[in-house]
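The values are calculated or read from the model by the stated rules, or taken from the named source; none is laboratory data. As the structure is a prediction and not an experimental result, all values here were calculated from the model. As a convention, Cβ positions derive from the backbone with ideal geometry for all residues, glycine included, and neighbour counts pool all protein chains shown. Only protein heavy atoms, including side chains, enter the accessible area calculation; ligands, DNA and RNA are left aside. Shrake-Rupley method; radii C 1.70, N 1.55, O 1.52, S 1.80 Å.
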Amino acid sequence: MRYNMIFDYAAFAVLAVLLAYYFRKRKTALPEYRQYHAMLIASLLLSINDIVVYCYYLNPINEEKLLEYIFHVFDLIFQFYLLTGYCNYLAIALAGKKYSRAKFRLAVYAPMGLVYTVIIIAAVFAYGKDMNAFSFRESSIVIYSFIAAIVYTIIFAAYVVIRYGKNEEDKKKTIHMIVTLVILLLIQSLQMVDQSKRIMPFLMALLMTDMLYTVHRSNEILDSTDSMIKHVMMSQAAEAYEENIPYFYIFVKLHDYKVLTESLGQDNTDFFLRQVGGYLGSLSSDSVVFRAAPDIMALRTEIMDEEIRLGMLEEIRERFRHPWRNGMLVTMLSTSYVTAQAPEEVPSVKLMRQLVNNISRDDQEFDSVFNAKKYLKDDKDAQMLEAIRRGLRDGNFKVFYQPIYSTHKKKIIAAEALIRLFDPEYGSIPAEPMIALAEREGYILQIGRFVFEEVCRFYKEKKLNEKGVEYIEVNLSAVQCMQKSLAEEFMQIMRDNDIAPDSINFEITESAAMISNAAVTSNIYDFELHGISLSLDDYGTGYSNISYLYDMPFMIMKIDKSILWSAETNEKADITLENTYKMANRLHLKVVQEGVETEEQIKKLLKLGCDYFQGYYFSKPVEEEAFVKYVDNFEVPGVCNS
């Protein structure tokens, strides 16, 4: 038989590059990633096996058929393993922690293991009868085994999807994985029908590439320093506590983190932290590095020997006594350290979160070392964090809308979307500290995506454009703006909901606008390029440097309520407010005044030339139906006609 090896050579090249890139950029200890890694290796071995078979047929050993049988048995085992591997991957991705149960794992491996056993036994018997290798591949036993594997894969996948694929947040991911499975089954079937065209390794290379960039969503696992983010750390800690797996942690607290980002820029700071993460991860073969907080890197290891652990800690301390380099840029990183043995010293996930929060808030001396017990005390953030996690899981978050009035069109023309969390145990959670905590803990990306999907659904479903609501304002946090894929991800959500670009306005805070980060700048200009307007939010509460007003493509300035309220009793604040409006006018920026609550304020703002009012004088933030009703029944206040 003659092989067409073009696809195998291409597959080997793609998979080798993919494996190298995976190790350099995406290596993590998550079970989902480990399974992806195993499938990647299996696909590479399949392509290598095909190439070896081709070389064998160029110079066959005619008297000996053993190698031929071995090649074909390996080929079938690799093919069947990819089905097993994908079943395992699907279960890990959708079932999460529940997949750790032994019975669940047994449901994946036992039936497929039986198929492997049947194939090997069939090969042994076939070889004993001196059968041709291709006849062995086409034997009824192998064919029935293949059909059984396909049927079981479909049944198992259907069970996993029906049982665990109901999460709306991961709906697109689930659909994508189902499509990938269908393609994999088709590839398997085509390969069994025609062995002369070795297409499976090449198509697997394409599927593995697609999975790396779509299903994984690495920005929800790795941060800008290529370390795993905090909620992943806590998720893995929860699994470890559940299975009683002991771990040892070394927390490296970086002092003066804010000073570093302001003086060196976010990109340079991230570069140094990538160096730190790479160094920590190289200390042992089982080292896993997390970004536990913006200023805390956490090293987790399974090493239980106290002497080795102390030696590792001393090695880390010694490294930080020397400078870190980025080209010509050289800096010292001032650090302190906290050690923790779980579960002995930190017996629960709740206490692990408390530990990280307290380390971040505490000011330690340079190069000092403390034990976790020093920081395990009552934590005000614990209940709020519990409510955030429960809210994402159970759907306790809601989006409220505060109307925005146009002084020129004399009607409600927009609204600001505001997130609210109502917890069944703790009640209404204050928005500002909740958002700040979500940013620190790594949950803000999930919350931000939820808000934007809700806004797009609401705008389309209620046909708000027909009611005169021209756009909805959506807040973007600094953490969101630093995600490289933010603009493309959000524009895809708009395309999915048929939302026109001018129906959305993104509010960027002053702190986000000031971040020296290529991803922030890229996202802002990508939004502007696609016709999405941008607002500078909470003007007057951030940095004193206002270069972003003319460097960034803002169309709207939102003046913080504190300036308006202070202007009523403070002459200097009144002068500041008046000159802010003059500056905005000269810069051709529209102005939204936040915190409008009285007729006196409205009269003053009309004289200053304010374009839009937002505040309790018109309406507090309300739920969807109440907002629609407010717009439908809105009447212009008399003071606005004066």
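Counting only residues at least eight positions apart within a chain, or on another chain, the aspartates and glutamates with an alpha carbon under 19 Å from that of Lys373 are Glu306, Glu344, Glu345, Asp362, Asp363, Glu365, Asp381. Compared with the dominant principal axis of the Cα atoms in the chain, helix 31-58 is inclined by about 40°.
Modelled spin labels at Arg457 and Tyr109, positioned 7 Å past Cα toward Cβ, are 3.9 nm from each other.
In the chain, excluding the sites themselves, the longest stretch lacking any of the chymotrypsin sites (Phe, Trp or Tyr not before Pro) that are in a DSSP loop with at most 15 other Cβ atoms within 10 Å is 1-365.
With +1 on each Lys and Arg Cβ and -1 on each Asp and Glu Cβ, and nothing else charged, work out how big the dipole of the chain is about its Cα centre, in Debye to the nearest 20. Before the final figure, lay out each step's value.
Values: 68 positive and 83 negative charges, 230 e Å.
Result for the chain is approximately 1100 debye, rounded to the nearest 20.
Here the accessible area is traced with a 1.4 Å probe on the protein chains. For the chain, carbon and sulfur cover 57 percent of it.
Taking only the C-alpha atoms of the stretch 279-345, the Rg (one decimal) and the largest Cα-Cα distance, Dmax (whole number), read 13.2, 45 Å.
Model label sites at Ile575 and Gln341, defined 7 Å from Cα along the beta-carbon direction, differ in position by 6.5 nm.
Rounded, prolate or oblate: which one fits the stretch 568-616, using the alpha carbon gyration tensor with axes a ≥ b ≥ c (rounded when a/c is under 1.5, else prolate when a/b beats b/c, else oblate)?
On the way: a/c = 2.03, a/b = 1.16, b/c = 1.75.
It comes out oblate by the Cα gyration axes.
Counting only DSSP beta bridges with both residues in the chain, the antiparallel share comes to about 55 percent. Looking at the calculated P(r) for the stretch 317-383, what percent of the C-alpha pair distances fall above 20 Å? Taking all Cα-Cα pairs of the stretch 317-383, the fraction more than 20 Å apart is 42 percent.
Heavy-atom accessible surface of the chain, averaged per residue, reaches 46 Å², computed with a 1.4 Å probe.
Residue separation times 0.36 nm, minus the C-alpha to C-alpha distance between Lys410 and Ile70: what's the value? Kindly include the intermediate steps, with their values, before the conclusion.
Working: separation 340, 0.36 × 340 = 122.40 nm, distance 8.08 nm.
My answer for the length gained is 114.3 nm.
The three principal axes of the C-alpha atoms in the stretch 246-367 carry coordinate ranges of 43, 27, 23 Å, sorted with the longest axis first.
Applying 0.36 nm per residue to the separation of Ala158 and Thr214 and subtracting their alpha-carbon distance, the gain on full extension is 18.1 nm. Inverting the pair-averaged 1/r between distinct Cα atoms of the stretch 542-631 gives 14.2 Å as its Kirkwood hydrodynamic radius. Mean residue ellipticity at 222 nm, helices only, the chain: -17500 deg cm²/dmol; runs of at least 4 DSSP H residues each add -39,500 (n - 2.57), and the sum is divided by the number of residues. When only DSSP loop residues count, what trypsin sites (Lys or Arg not before Pro) in the stretch 230-333 have their Cβ near at most 15 other Cβ atoms within 10 Å? Within the stretch 230-333, the qualifying trypsin sites (Lys or Arg not before Pro) (loop, at most 15 other Cβ atoms within 10 Å) are Arg321.
At a Förster distance of 30 Å, what's the computed FRET efficiency of Arg586 paired with Thr541, Cβ-Cβ distance as r, to 0.05?
Numbers: r = 22 Å, r/R0 = 0.72.
Computed FRET efficiency for Arg586 and Thr541 comes out at 0.90.
Label zone of Asp498 (point 7 Å out along Cα→Cβ, amide N under 20 Å): in the stretch 440-457 this covers 453-457. Would you compute the Debye intensity of the stretch 195-308 from its alpha-carbon atoms alone, equal scatterers and no solvent, and pass along log10 I(q)/I(0) at q = 0.14 Å⁻¹ to two decimals? The calculated log intensity ratios at q = 0.14 Å⁻¹ are -0.72. Where the centre of each part is set by its Cα atoms, how far does the stretch 328-384 sit from the stretch 302-320, in angstrom? Taking the Cα centre of the stretch 302-320 as reference, the centre of the stretch 328-384 is 17 Å away. Each principal axis of the Cα cloud of the stretch 292-429 was taken in turn, and the coordinate range along them, longest first, works out to 71, 46, 24 Å.
Under 1.5 on a/c is rounded, so check that first for the stretch 448-532, then, if it is not, pick prolate when a/b is larger than b/c and oblate when it is not; a ≥ b ≥ c are the square roots of the alpha carbon gyration tensor eigenvalues.
Numbers: a/c = 2.08, a/b = 1.94, b/c = 1.07.
It is prolate, given that a/c is not under 1.5 and a/b is the larger ratio.
Over the Cα atoms of the chain, the radius of gyration divided by the Kirkwood radius equals 1.04; this is the Rg/Rh ratio. Can you bin the stretch 234-286 into rounded, prolate or oblate? Criterion: square roots of the alpha carbon gyration tensor eigenvalues sorted a ≥ b ≥ c, rounded for a/c under 1.5, prolate for a/b above b/c, oblate for the rest. Verdict is prolate for the stretch 234-286.
Of the listed pairs Lys467/Lys620; Lys460/Lys484; Lys460/Lys590; Lys607/Lys629, which have alpha-carbon separations greater than 22 Å here? Show your work: numbers first, answer last.
Working: Lys467/Lys620 19 Å; Lys460/Lys484 27 Å; Lys460/Lys590 26 Å; Lys607/Lys629 30 Å.
Lys460/Lys484; Lys460/Lys590; Lys607/Lys629, as the Cα separations exceed 22 Å there.
Extension gain, Glu307-Lys258: 0.36 nm per intervening residue step, less the Cα-Cα distance, totals 14.2 nm. According to the Cα-based calculation, Rg over Rh for the stretch 398-540 is 0.96, with Rh computed by the Kirkwood formula. For the stretch 348-469, taking Cα atoms only, Rg and Dmax work out to 19.6, 63 Å respectively.
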